[in-house]
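A short write-up of the structure that comes next.
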Amino acid sequence: MLATVRSATLLGVDGAPVTVEVHLANGLPSFTVVGLPDAACRESRDRVRAALVSSGLDFPKTRITVNLAPSGVRKVGSGLDLAVALGILAAAGQIDGRALADTAAVGELGLDGTLRPVPGVLALVSAVRAAAVIVPSASAGEAMLVPGLVVRGASSLAELVDALAGRTPWPAHRPGPAVALPAPVADLADVRGQPVARWALEVSAAGGHHLLLVGPPGAGKTMLATRLAGILPALRPEEALETTRVHSAGGLPLPAGGLVTRPPFRAPHHSASVIALVGGGSWWIRPGEVSFATNGVLFLDELAEFPRSVLDTLRQPLEEGVVRVARARHSVSLPARFLLVAAMNPCPCGEGGPVGACVCSEAVRTRYGQRVSGPLLDRFDVRVVVPRPDPGQLLAPAARSERGRAGGSPAAAARVGAVRELARQRGVRANAELAGPALDRWAVPAPAAARLCEHRLATGRLSARGLTRVRRVARTVADLAGEDGPVLGEAHVAAALELRADVTVLRAGS
Amino acid sequence: MTAELPDEAYVVALLSLPELWPARLAALLGVVRPTAGPCAPGPVGPDHPGDGSATERSARDVWELVVRGRARLEVGRRRLHPPDPVVLARRWTAASAGVDVAGLWAGCVRAGVRVDVLGRPGYPPELVADGQAPWVLFRRGAVMDLAGARVAVIGTRRASPVGREVARELGAGLSRVGVRVVSGLALGIDAAAHDGALAAGGGAPVGIVAGGFDHPYPLRHRPLWAQVAGRGVLVSEWPPSARSEGWRFPARNRIIAALADVVVVVESGAAGGSMLTAEAALARGRPVMAVPGSVRNPAATGTNRLLADGAAPACGLDDVLAALALATVGSCGPPVPSRSPGTSGPAGSSGPPGYAGPSQGSVSGGSSDQGGTLGSTGGSAGRPAATGRSTGPAARVLEALDWDAEPLETVVRRCGLPAPVVAAELVRLELAGAASSSGGWRRADSDRRFDRRGPER
């Protein structure tokens, strides 16, 4: 009268193993779920009952107690439905308990007995302690990403019971062909003119340096930023798994193959809350945009329109690459290693720059500049002013031939990939991660370059931290120029200094 | 205890009463203007005592009168709607009950505020002769007196970046030669001028403010107020508790005009406080100078209009010093304008075209129309030419630079070189002193016209 089925629940983007114990006892018919289930989890009683009945199975009219062990861990969502249903069937003897030995089950039940996919299958499946796992067939591809595990997909409870009883063979679920998704259609060749911004984009992508674009409306900041994902290299296998896990746990739709292979591009609106951005929630800690953007790009358009309190929460993930969300009952670490790209206007009227164009008073401009805190601005290593493009370039017939040439995304992506490969040889994923001895080993300013830095340091326009960051950017600039020796030339350091445009310009003041 | 209070304590107490403005206080005290100044009493001081028949009373006596309800304001006959002296006296008496004379005075003493009444000993002689001199003057600072050569550097609050730089340089240049910079501590040009003067650390700055010392305006200039007071003097005609209401500013401007030996307007729109100050200065016979600006710069409309109307152009520190009759180097002849070309100096040798070298003197070959006197003043102090003639990308980049600050993108577009090359060249040019990158890139050959010995930044 007792049966146990293995399953898992979601904690952040990680799974936690759960053992579902079902006990049938004589007494008044009842159905109790204990072990800290959340609302969705407790409702599984009604789904399970209906699913069993609709599948032509017998729902035992006895006293049913379901314990979700370990009972101290919160269980969230509907992913335990299937395990509960199987546990009841096994306890009632409708299926052979031995068939479930060393097999876990994850999935939500529909009232008609269908198996529905749940968020975070990848994380759940990697957490279960079993040799085989039963998942809804829609999630089979995702579950197969976990190596060394027998994945059994089923589309309904009835089909599953038949297969468990050996009456029918297990439905075959081959992983979908791992199609390499084509790069996003937005091509860098569509951008007319803007040589500086293009270059900055390439430096940012190649070195993983956070990028800030400042310019009037209509200058093409958003257009440029959206093309960034297209020139980033495809995700490496471990990055792809990590990003897929986060996307799956957050309930984002996954690509056909189940694996996210292209760097994600997340562009939350500026009304986003702190929780939406960094993740959180009291029961189910859902990853935020910073985690969805992990190994990809987080694009904050209209940076100054984001509440300052929201922006400042980005500082810790920017430094550490993880978000630690703590709640009263539990705390989780969510991956958040992303390339931050932001765009903003120089002032509320948007014109800024040229004398006479801006109609904002100085006080208004100053207040606008203060919306983005200094520490956050300091984390942008590449900052460029993007003026409106030249009318002549805008009206010129599209340079279609450019698409295949140096100006197009494929060519830029190749250059970016080459620089990333150099960084990997230096032991980091991108030059922006060079630190300590590695930086001293691979980014040695030449004497002339050191003089430039000295001048900037002496005049107070460069801080000690800024110098470190300038060296990293200079490393990328040099790599892009094909000079991958450890010494940074004067031109490279100068270019890196220029790419770190004065923040004071953005913070208008006397 | 109250018997030991100085008379100024009662001046402060009286001015804290409602509708008891300095002019009315003067009338109550029986103070008259010592001499008829160059400016007839204008809109300020409408309750001027007129015939001066009243005898002077001490502020303490007036206070006693107010407290007892006996103070009577002698209203000028020309007033359209004269206030009722009895009603006023009643109001003052009622308000005086709540005034802590000793406490107010202790506050002034603690803040180091000095109070002077026109015509009495201690009032700065520099202002006494002015027809619109404030009846009461509040001062606070390290250098209370106003003696010494004084140049007002004023301009719009909505200044262009170049305007601010010029004001900063001019402030520094003047301060360095011991001239005291007078300004209004407003946003934009005013603040930049005093910033420069403070950085140079020469002549003690003079800040004329529109409100009381307790209420810095704009609030974010609180540190600037403190610095000016710490190194020079802050002057106001209002007690420390007064707030900076809009109407006080034009009145403040007349004090700037009255105190300055020369008024330099760095940038001003077609209408604005700086134009009023310039008018007030002209009414007093003070030389008014204006820094020429681009016709495209809306913040230079007023200054260019002043020039068209006959103001002297201020194209460099020497122009201002000449107007101040203090010029010592390289300029003879009429004090204003002092721009006779052909003075000998490094710039006379008209350096190579384009990028010639880092020295501010020898690079002026790029601006042949303005070479001459200015180059001659700074050439000797310049750094040695480092690179000599260069024709590579540096020359092309320099050629593409304008005098107005522009984003890198524009420079790249203009010179047609790859962005990384242009960026690198610009940073090199900046190190050499030929380009400047504040708020965008521009040529820097003509920088430091207003501050020849200043540091790089």
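The values are calculated or read from the model by the stated rules, or taken from the named source; none is laboratory data. The model shown is predicted, which means the values in this text are computed figures rather than measured ones. Note: ideal-geometry Cβ built from the backbone for every residue, glycine included; neighbour counts use all protein chains shown.
Among the residues making up segment A:277-312, a single one is assigned to a loop (DSSP other than H, G, I, E, B), modelled with pLDDT of 90 or more and hydroxyl-bearing (Ser, Thr, Tyr): A:THR294.
Condition test on B:VAL295, is it part of a strand (DSSP E or B) and either within 14 Å of chain A (Cβ to nearest Cβ) or not hydroxyl-bearing (Ser, Thr, Tyr) (or both)? Don't jump to the end; show me each part of the working.
Details: part of a strand (DSSP E or B): no; either within 14 Å of chain A (Cβ to nearest Cβ) or not hydroxyl-bearing (Ser, Thr, Tyr) (or both): yes.
Judged against the criteria, B:VAL295 is not a match.
Given the condition farther than 21 Å from B:GLY148 by Cα and surrounded by fewer than 24 Cβ atoms within 10 Å (Cβ to Cβ), answer yes or no: does some residue in segment B:251-263 qualify? Yes - at least one qualifying residue is present in segment B:251-263. In segment A:350-363, the condition of being in a loop (DSSP other than H, G, I, E, B), closer than 24 Å to A:LEU228 by Cα and assigned by TED's automatic domain parsing to the domain that holds A:GLY215 is met by at least one residue.
Residues that are more than 7 Å from chain A (Cβ to nearest Cβ), buried (at least 24 other Cβ atoms within 10 Å of the Cβ) and at pLDDT below 85 within segment B:408-433 are absent altogether.
Being aliphatic (A, V, I, L, M) and out of contact with any helix residue (DSSP H, G or I) (no Cβ under 7 Å at 6 or more places or on another chain) is the requirement here; does B:VAL233 meet it? Yes; evaluated as a whole, the condition is true for this residue.
Please indicate, with yes or no, whether at least one residue in segment B:264-282 is assigned to a strand (DSSP E or B), modelled with pLDDT of 90 or more, under 13 Å from B:ILE154 (Cβ atoms) and within 15 Å of the chain's Cα centre (by Cα). Spell out the reasoning first.
Of segment B:264-282, the ones assigned to a strand (DSSP E or B) are B:264-265.
After this cut, where a residue has to be modelled with pLDDT of 90 or more as well, the list is B:264-265.
Next, from what is left, pick out any that are under 13 Å from B:ILE154 (Cβ atoms): B:264-265.
In the following step, the residues that additionally are within 15 Å of the chain's Cα centre (by Cα) were identified as B:264-265.
Within segment B:264-282, one or more residues are assigned to a strand (DSSP E or B), modelled with pLDDT of 90 or more, under 13 Å from B:ILE154 (Cβ atoms) and within 15 Å of the chain's Cα centre (by Cα).
The residues of segment B:218-250 that are loosely packed, with under 14 Cβ neighbours inside 10 Å and of a type in the set (D, E, K, R), listed by number, are B:ARG222, B:ARG243, B:GLU245. Within the set A:GLY56, A:GLY87, A:GLY72, A:GLY93, the sole residue that is farther than 25 Å from A:GLU159 by Cα and of a type outside the set (Val, Ile, Thr) turns out to be A:GLY72.
Going residue by residue through segment A:464-482, is there one that turns out to be part of a loop (DSSP other than H, G, I, E, B), more than 14 Å from chain B (Cβ to nearest Cβ), touching a residue at least 60 places away in the same chain (Cβ under 8 Å) and not acidic (Asp, Glu)? No, that holds for no residue. Among all positions in segment A:353-367, there is at least one residue which is surrounded by 19 or more Cβ atoms within 10 Å (Cβ to Cβ), of a type in the set (A, V, I, L, M) and at pLDDT below 90.
Among the residues of segment A:483-498, how many are among the hydrophobic types (A, V, I, L, M, F, W, C) and within 7 Å of chain B (Cβ to nearest Cβ)? Can you show your working first?
Taking segment A:483-498 as the starting set, the residues that turn out to be among the hydrophobic types (A, V, I, L, M, F, W, C) are A:487-488, A:491, A:493-497.
With within 7 Å of chain B (Cβ to nearest Cβ) added as a condition, the list becomes A:491, A:494-495, A:497.
The number of residues fulfilling the criteria is 4.
Every residue in segment A:430-463 that is surrounded by fewer than 17 Cβ atoms within 10 Å (Cβ to Cβ), more than 14 Å from every other protein chain (Cβ to nearest Cβ) and out of contact with any Leu (no Cβ under 7 Å at 6 or more places or on another chain), please. The answer is A:ALA435, A:GLY436, A:PRO437, A:ALA438, A:ASP440, A:ARG441, A:SER463.
Can you pull out every residue in segment A:384-412 that is of a type in the set (Ser, Thr, Tyr) and modelled with pLDDT under 65? Write out each step before concluding.
Narrowing segment A:384-412 to residues of a type in the set (Ser, Thr, Tyr): A:401, A:409.
Listed by number, the list holds a single entry, A:SER401.
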